[in-house]
């Protein structure tokens, strides 16, 4: 496993943390993320498992993470990149990982992240006629929205 | 006299209706997971004259199998309106009653009967096949006694239902 | 399997399946045929409402917000004023329930179960909410297990000095929790707040334990000070009735609320940094007679309400029984200084060595102050008129303890008999044991107690009894004192005791009866009477004292705000307290009186 | 016919596995474009989990994938255990293995029924759904629910096995093995089955790797990738097994891979029951669920579902509730990356069975 | 005259009754093979009556509503051409040829009605139905020709009469009989030929928009259809029957074998089905035809 860690370390601008056996975290700058992913694919991380976002609202940042898998070394590496929450723009990874396409559509819808280069990101995907904040953002209050839009039965004797 | 015959016709019709209930094959939620066992050889609900049918035009019962997402609700309403009278709706499990485990979700409606009239509810999350079969039998009793009149209510209170539907569907 | 067998399809093999045409189907013809429901089935709930204490843990753990706590009285009457219980029971909305049974796992009493019944239909959407009862006749299914439970049933062990070590000095026995232990113990708390009812002061126990868990000790102390001005002291000597009510008692060890309280206050050198809301000055003056816990409590709360308060304390040290009665090994003096110092910091004036009726006149107080609070407590030992008690070696416990704690008395005889079975008697006995150990090295010394009550009804707390037993105190339960037996030289030979028939009569009143023929002699040359204390109202002028009314049990009669029948005169502490007469009760009714005085002062305007 | 027209397969359509819709564009009878339209089962799990205690999420997680709920429980529990640094007892590992494999058997029999139904063989669906029911009864015994077991939880499993359960599991394994002979006869060895599926909906090895396929799709294309082997969890590390692979990557190979996996699962159950310690704790001591906090950190826990790699990416911020949980369902990639491409060029009659052959489970990507 | 009217009423009723009992048996046989008990034996009657008692009907225009009626009328007409022991009505020279044409009316009627809906599933279903008809018509025509050549008549009653005393076409022209069986099977639309209604593909195809009374008519039509196809096969190859009992037994025997195959086979794709019909059945039918010609 350490061999692959060294290989990742050789990629420009990466900060590698080994969490435990077979789990690596790679932190990169926003500008370098596509390059890093490309290099990662070259060294064997051929499968994109998850691509999603963590809303770091306290830091006013979005953390975008790509969980990659190296089939030969049997190692999972998570590439993490922090982007500005007020202007969340990220370049698409669909050219490198075709499966990123759908994940990017999802994060565009659920977090309002703009994905440059992905034509379908931003079009309705899971939601339909949604006209509120992107729902997975931390500042979207699901319970408030529910009580505004739906009516609970026996709501008089519940404290919700 | 004419009234008598009408009543008799209705009684006979209800008797026949309850013996042949076709449910539409539409899995709206996870409660549909207990339908295959109910439909197939282990519980075999066809013993009661029930059969899964494919299109809304042919079906008599609409099963709301659990939660209803807003996006699904739109289709369910269409399906319900396409079905021919008399038609019946069974709400499965907690979610159809009051949102169930998704009570705080922004995507799931909380009360089925605000949007389409439900004739019967089954408790459980999800109701097991025995409960589903019991529910079908209860529905048959309701049909027999003429109490399963959701489709009449829908026609009568259409404005109410449409208003509620418009509120969530926009 | 060999994949080659499957490479070529067969036309005839499928036809073999036609054989099932002639076989019996495996259909379960429900409802004609049923299959057994397993024992762990998670169906509709059952609740034994008599066992249930309405703690609301099921509501808190429910992922679906399906449970509300409702009054079941119109369906099934329950015992409303059950101790350590809320008069509500879970009401379950089956339009929410996900049948996860976490409520069952979390139920501290084990009253809530799941049944084997999950077949329920109704055309009425409102018919899916009810209060589950056992009477609904469902067969129990999923129940909790003692091996695997999300509850942390075992309490943290508290480190104590070994009996051999602790006897050698008056050093505090209990060390207090370490940070890690306290966190773990605080984690156990479920936050249900049932304990708050048990606490006379109704302290915000869940809140301060949560603050301890979060590591915010000053916030925790702030919560404590809202209801209890002496949290550090209570953290050591409290009778912790809260713990008796803790919901963990049904399946495991109660949370050590008292020691958690002690831990939090111990983390703070002073309470100066604790944010305490203080109201603007009202310009009113209140006099408080007696600097015991109730007086201190009333004084502190009145100060926070903006009144200026003066305490008149007869002795050279404030604190009442805390300062004079409770032995050092339970309550070190510095802790008292810390908390009284905090009260003084808040602006309470304490006039020590000022005896009302001698140095100051009660009438003057009534005149000079807007209100007067009497919290003199039971500061005189009660005699049982024992034959031979005039002997100088027969002393009152309260005097003995004061001498040891305040005046530093260290002399003791080799064989001591303590009369009484209460906590004070334990204090005395254990103090004696220490003094004997220090003086004689425990050689040929005895200390024994004689109490009317048998083991099962002994008023002393179990911890104290255990502690005393560890320190080799000999108990004589259910032996009542008869008379003191003297040697020829006039010294005491011992105490003659007789066997107790019963302590309380049929109607539950205190009315001891003895077997007159069963007697024995407890040998000892020093007898300490510890059978109760009494008050002294000599400082109140006769004409006013006549107006002061008392309850049948000779306590001062007060209204719900602590006001006596004399206008503007309030009372609290052991003077009014009819139950155990512990510090926390005194603190509680001091607080209550403070609220009453505040109301009185504002109404007076 | 050059004019193309659109057709919605689903959501109200028996040819779709669950409440889901695929918009296909047809030219004549041939698909020229396919687009998945998810969201009919969207319940906002990831949002809801952020607002609940770790243990409360137990009620939510099995609902992420309805036909095979246990993988969610296992992956979730593994993620929490990883963050808390807990090692679960040995016996719990084996129990988890048995439960997971039994769930896989249930899921695969269910899948067989659906697959046969899309090809028009309703007899097999009737049989296999009925046979699956016995597995549900076994689940019913250990945890009191047929579908949403909520049996595997952080720290181990929720209860020890009831007496005699292992024997009943072995009986069930034996029963299914007998039944499989009939299944083979009517379906897997049926000439029509071969005729309908051979060479259909091919995902080659290169495509499978490039598109990020996992599970049976990858195995059918010739890559032996399986989380059970590559990153052993539960007791898989102690068991002896080989990952089946085929080379063609067509619908037939995928079906046969699932058929082989069924054999493998039955074998694994037998092994696990045999090797399992007969006594011992089944759950580690866990903190009070209302207060217990999980140390801050991020982790990715994955298990092998019947569809492929199923993972939970969990972020904790040192409180009692997860900060973010991202669920990776294998179907996400299989639908939006693979199915949309593979469907092009198919006949209308094959759309439904292609979707089932890729084993699309809509709740996994709707969440 | 009275007897003619009586027969005109009785024959369709008889045909309907036979078709109905076959549907009843089908449900039970299917259930048993699938290891279950299945619906009550008279379930089809409940179904039918329930459909006819549906309170409202959705129509997509006159043609849509006419479709099932045309289909039904065509089927009833076809019934009259088939000789039933003791009840021969419209039999005469050339009736076999006429029957072949009339039998198509059912499908065409349905096509007419279903084509009027906007639902693409219906149109696909219709195109499949017609394609499938093209598929099985070729071998059907060939074997009918071979039968006609064999007996030198186009009168069904004569053909039945010629097979008396056990000289069934099945024995004399076994290859044609086998092809006839396959074609009849295909025409019934059972597995693997249930392409038209395939629920998982086109959601019951032509019937997708039909409900209530229309669906009821289509169901009645289906019962007639079963009767016509099997009765024709029995008349052509199994020598008809001298009385109703034997006629029914023979028909049931044929139907039973078909049902067993129905339970164990998967569905063809439409082009495969057509290819199938044009391949083996056609070749075999041609061989049989040649045999007849050579004889």
### Query
So how tilted is helix C:423-440 from the main axis of chain C? Cα-based, degrees 0 to 90, rounded to 10.
70
### Task
Could you list C:237, E:63 in order of exposure, starting from the residue whose Cβ has the fewest other Cβ atoms within 10 Å?
E:63, C:237
### Query
Can you give the relative contact order of chain D as a percent, counting alpha carbon pairs under 8 Å and 6+ residues apart?
27
### Query
For the residue pair residue D:179 and residue A:116, what label-to-label distance in nm results when each label sits 7 Å from Cα along the Cα-to-beta-carbon direction?
5.6
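Which of the peptides C:402-410, E:134-142 is most tightly packed, and how do the rest follow, going by the mean number of other Cβ atoms within 10 Å of each residue?
Values: C:402-410: 15.0, E:134-142: 20.6.
Result, highest mean Cβ count within 10 Å first: E:134-142, C:402-410.
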### Task
Note down the relative contact order for chain C as a percent, whole number, built from C-alpha pairs under 8 angstrom at least six residues apart.
12
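When the helix-only estimate is applied to chain D (DSSP H runs of n ≥ 4, each -39,500 (n - 2.57), divided by the residue count), what is the mean residue ellipticity at 222 nm, nearest 500 deg cm²/dmol?
On the way: 13 runs with 158 residues, N = 367.
It lands at -13500 deg cm²/dmol.
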### Summary
Under the 7 Å Cα-to-Cβ spin-label approximation, residue B:10 and residue D:241 lie apart by a distance in nanometres of 6.0
### Message
Given points 7 Å out from each Cα along the Cα-Cβ axis, report the residue C:175 to residue A:58 separation in nanometres with one decimal.
### Response
3.3
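At 222 nm, what value in deg cm²/dmol follows for chain C if DSSP H runs of at least 4 each add -39500 (n - 2.57) and the sum is divided by all its residues, to the nearest 500?
Values: 20 runs with 174 residues, N = 605.
So the calculated ellipticity at 222 nm is -8000 deg cm²/dmol.
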### Query
How high is the FRET efficiency between residue E:41 and residue C:32 when r is their beta carbon distance and R₀ equals 22 Å, given to the nearest 0.05?
0.80
### Message
Relative contact order of segment D:212-366, please, whole-number percent, based on alpha carbon pairs below 8 angstrom and at least 6 residues apart.
### Response
22
### Task
Kindly express, to the nearest 10 degrees and within the range 0 to 90, the angle between helix D:165-183's C-alpha long axis and the longest C-alpha principal axis of chain D.
10
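If a/c stays under 1.5 just call it rounded; otherwise compare a/b with b/c (prolate if a/b is bigger, oblate if not). Do that for segment B:2-169, with a ≥ b ≥ c from the square roots of the Cα gyration tensor eigenvalues.
Working: a/c = 1.94, a/b = 1.20, b/c = 1.61.
Verdict is oblate for segment B:2-169.
How far, in nm, would the chain grow between residue C:162 and residue C:12 when pulled straight, counting 0.36 nm per residue and subtracting the alpha carbon separation?
Working: separation 150, 0.36 × 150 = 54.00 nm, distance 8.64 nm.
The span from residue C:162 to residue C:12 would gain 45.4 nm if fully extended.
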### Task
Quick one: among E:17, E:161, E:118, which has the greatest mean-square fluctuation in a GNM of chain E with alpha-carbon springs under 10 angstrom?
E:118
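Looking only at chain C, where both bridge partners belong to it, what percent of the DSSP beta bridges are antiparallel (to the nearest 5)?
Once the DSSP bridges in chain C are tallied, antiparallel ones form about 50 percent.
Please report the antiparallel percentage of the DSSP beta bridges confined to the protein assembly as shown, to the nearest 5. Please report the intermediate quantities before stating the final value.
Details: 90 of 146 bridges.
In the protein assembly as shown, DSSP labels about 60 percent of beta bridges as antiparallel.
Just want the ordering: A:55, D:133, B:157, from fewest to most Cβ atoms lying within 10 Å of their own Cβ. Mind dumping the intermediate values first?
Values: A:55 23, D:133 26, B:157 13.
By the 10 Å Cβ count, ascending: B:157, A:55, D:133.
Round to the nearest 0.05 the FRET efficiency obtained for residue C:525 and residue C:557 when R0 = 45 Å and r is the Cβ-Cβ distance.
About 0.55, to the nearest 0.05.
May I ask you to derive the FRET efficiency for residue A:32 and residue B:167 from their Cβ-Cβ distance with R0 = 51 Å, giving the value to the nearest 0.05?
Values: r = 47 Å, r/R0 = 0.93.
Plugging the Cβ-Cβ distance into 1/(1 + (r/R0)^6) gives 0.60.
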### For segment B:2-169, share of DSSP beta bridges that run antiparallel, in % to the nearest 5
10
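Using only helices, what value at 222 nm comes out for chain E when you add -39,500 (n - 2.57) per DSSP H run of length 4 or more and divide by the total residues, to the nearest 500 deg cm²/dmol? Intermediate results must be reported in sequence, preceding the final value.
Working: 12 runs with 216 residues, N = 295.
Helix contribution divided over all residues of chain E: -25000 deg cm²/dmol.
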### Query
Given the options E:109, E:253, E:61, which has the most mean-square fluctuation in a GNM of chain E, springs set between C-alpha atoms less than 10 angstrom apart?
E:61
### Query
In terms of the Cα gyration tensor, with a ≥ b ≥ c the square roots of its eigenvalues, is segment C:167-266 rounded because a/c is under 1.5, prolate because a/b exceeds b/c, or oblate?
rounded
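Mind sorting C:233, C:3 by how few other Cβ atoms lie within 10 Å of their own Cβ, fewest first?
If I rank by nearby Cβ atoms, fewest first, I get C:3, C:233.
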### Task
Treating the angle as unsigned and between 0 and 90°, give the value, to the nearest 10°, between the Cα long axis of helix D:251-275 and the longest Cα principal axis of chain D.
20
### Task
Please give the length that would be gained between residue C:273 and residue C:39 if that part of the chain were fully extended, namely 0.36 nm times their separation in residues minus their C-alpha to C-alpha distance (nm, one decimal).
78.6 nm
### Query
Between D:145, D:255, D:117, which gets the highest mean-square fluctuation from a Gaussian network model of chain D, Cα cutoff 10 Å?
D:145
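Only the coordinates and a few stated rules stand behind these numbers; no lab work does. All figures in this text were calculated on a predicted structure; none of them were measured in a lab. Positions of Cβ are generated from backbone atoms using ideal geometry, with glycine treated the same way; all protein chains shown enter the neighbour counts.
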